[in-house]
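Accompanying notes for the structure given below.
The values are calculated or read from the model by the stated rules, or taken from the named source; none is laboratory data. As the structure is a computational prediction, the values presented were derived from the model and not from experiment. With ideal geometry, Cβ positions are generated from the backbone for all residues, glycine too; neighbour counts draw on all protein chains shown. These accessible areas exclude ligands, DNA and RNA; they are computed on the full protein's heavy atoms, side chains included. Shrake-Rupley method; radii C 1.70, N 1.55, O 1.52, S 1.80 Å.
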Amino acid sequence: MESVDEDFYSDGDGYGGDAADSDADVADYDFMGNETDDSDEQAVSRTQKNYTVLKEEDIRQRQEEDMTTISTLLSISREAACILLRRYNWSVNKVHEEWFADEERVRKSAGLLEKPAVSLSRVIDVVCGICFENFLPDDITSVGCGHPFCSTCWKAYITTSINDGPGCLTLRCPDPSCDVAIGQDKIDKLTSGEDKKKYYRYLLRSYIEDSRKTKWCPAPGCDSAIEYDLGSGSYDVTCCCSFSFCWNCTEEAHRPVDCDTVSKWILKNSAESENMNWILANSKPCPKCKRPIEKNQGCMHMTCTPPCKFEFCWLCLGAWSDHGERTGGFYACNRYESAKQEGVYDESERRREMAKNSLERYTHYYERWATNQSSRQKAMADLHQMQTVHLEKLSEKQSQPESQLKFIIDSWQQIVECRRVLKWTYAYGYYLPEHEKAKRQFFEYVQGEAEAGLERLHQCAEKELQTYLNATGPSKDFNDFRTKLAGLTSVTRNYFENLVRALENGLADVDSQGACSKAPSSRNATGSSKGKGGGRGKNSTKT
């Protein structure tokens, strides 16, 4: 059996060959040459996470622990501790600092009274401050400020606030002149059922949404959150639901592209600008009513749609009644050709040509971006199928425990990740400045190599594996397949990790003359490859 790196970069499938040698000037950046030096370091960095996934029970536990900490530290009730933590965005340190710096100011801003204002126990008859009915003291409720309201009005006030949204978490006394906060004890006493559930749901969500360090997973139906170590490097995080996203902008994970580029790319994909470019590139305005007209047949005789129905020449936009055999007939226009030579149509044609080129360029990158997205979704479906169905089947046929088939799952997970990276390299390429020719040339080369390498891995995991799934019994060469697939997975992983780092660094090692400060060639994937050529994608440039 061939060595893994020779198989990966050989010219057996139409990649590489002697043509790769002519790329030596472009491909001087060895993404794989230092694999043996830092592979241990890379493996450690892959296992170290700069974030923590928090499930709902974890969030609730942390919330309770923070309230207990503040309650014990400041010798206040848990209800008051909760009010303070909400006031300072659930930051225990901030509450501690502010409280001991100026307790009176903190109490006033949070709506906490040091002592109850009045007692209603000796009052015979009390007037509700909302409905102005008379009630016995036992039917009247108030917070520390002592403003009296009947239970019915309190319930209506709190229920309305809860139904209005998360603002109920900062609820104050109904008296317009009073800023005393309403704590959880009053909520528990005066609400029940759905209203109480809503309130505590808002309280739970506030723990995540008010903090700078935590965000909800944006995957549909997921109730988990991510706590991120600020300033710790990559923003890419993966939730327990397997959804990967950027913690900074909450879009899907998009390394090596920065958040601003992703925002521009997504806006461009959804904007009307490309529709206008298409209209400008493929239509002309009717000379009479100015509506855009698309030419859908061969001749130059155009007729505008009703009610206009103006007949004109597509080339010169003149009335068709002025045309005939002497002007070139149906398929040409001598007037247009002569006017073009005189420069009459140069500006409009130039604008139309620019729009067409811009549209073609955008379409080139978008199609490949979307194709890799589709391939990634298919790979995710195949990964799920492998985990739930095929792995058990393969274990039985090859007489090997599932624990020894983990290399297959690893390969599919790597394919999914590499498809995501490759997808975003097309957005990177679209916004790479045209005038930086050396960087663009080098980028297209390494992108092509990455694409070819990924195709090798994908084909091995998808098609070659099928042979062993369809086998009637154990295959003698299954261990050779294991070695090959595991090797391809490792080579592809390292190549893509170095590719991502290079692109995130802005291809800083490529100077204006196209030389590189490091020595490149994915052909030397493991430092000893015999294959002559690296894979080349459709978008690569040969120099």
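Ligands, DNA and RNA left out, the accessible area of the range 155-255 computed with a 1.4 Å probe is 47% carbon and sulfur. Tell me, what is the FRET efficiency for residue 266 and residue 127 to the nearest 0.05, using R0 = 56 angstrom and their Cβ-Cβ distance as r? Approximately 0.45, to the nearest 0.05. Modelled spin labels at residue 52 and residue 113, positioned 7 Å past Cα toward Cβ, are 3.8 nm from each other. Take residue 162: with every protein chain present and a 1.4 Å probe, its accessible area is about 0 Å². The residue list 208, 248, 259 was ranked by how far each Cα lies along the charge dipole of the range 156-279 toward its positive end, using unit charges on Cβ atoms, and 208 comes out on top. Taking all protein chains into account, the per residue accessible area for the range 114-249 stands at 54 Å² (1.4 Å probe).
For the pair residue 407 and residue 483, the difference between a 0.36 nm per residue extended length and the Cα-Cα distance amounts to 26.4 nm. As a rough guide to protection, the peptides 472-484, 447-459 ranked by mean Cβ packing within 10 Å, highest first, stand as 447-459, 472-484. For the peptides 416-426, 144-154, 303-313, residues were scored by their other Cβ atoms within 10 Å and the scores averaged per peptide; the highest-first order is 416-426, 144-154, 303-313. Using the average count of surrounding beta-carbon atoms within 10 Å as a protection proxy, the listed peptides 502-510, 125-133 rank, highest first, as 502-510, 125-133.
The magnitude of the dipole of the range 448-510, with charges of +1 and -1 set on the Cβ of Lys/Arg and Asp/Glu and taken from the Cα centre, is near 300 debye. Available extension along the chain between residue 205 and residue 399 is 65.0 nm, counting 0.36 nm per residue and deducting the alpha carbon span.
Assuming R0 = 41 Å, what is the FRET efficiency of residue 219 and residue 466, from their Cβ-Cβ distance, to the nearest 0.05?
E between residue 219 and residue 466, to the nearest 0.05, is 0.85.
Straight-line reach from residue 55: which lysines have a Cα under 22 Å away, not including same-chain ones fewer than 8 places off? Candidates past the 8-residue exclusion: 196, 197, 198, 213, 215. The gain in end-to-end length when the residue 197 to residue 101 segment is fully stretched comes to 31.0 nm, 0.36 nm per residue minus the alpha carbon separation.
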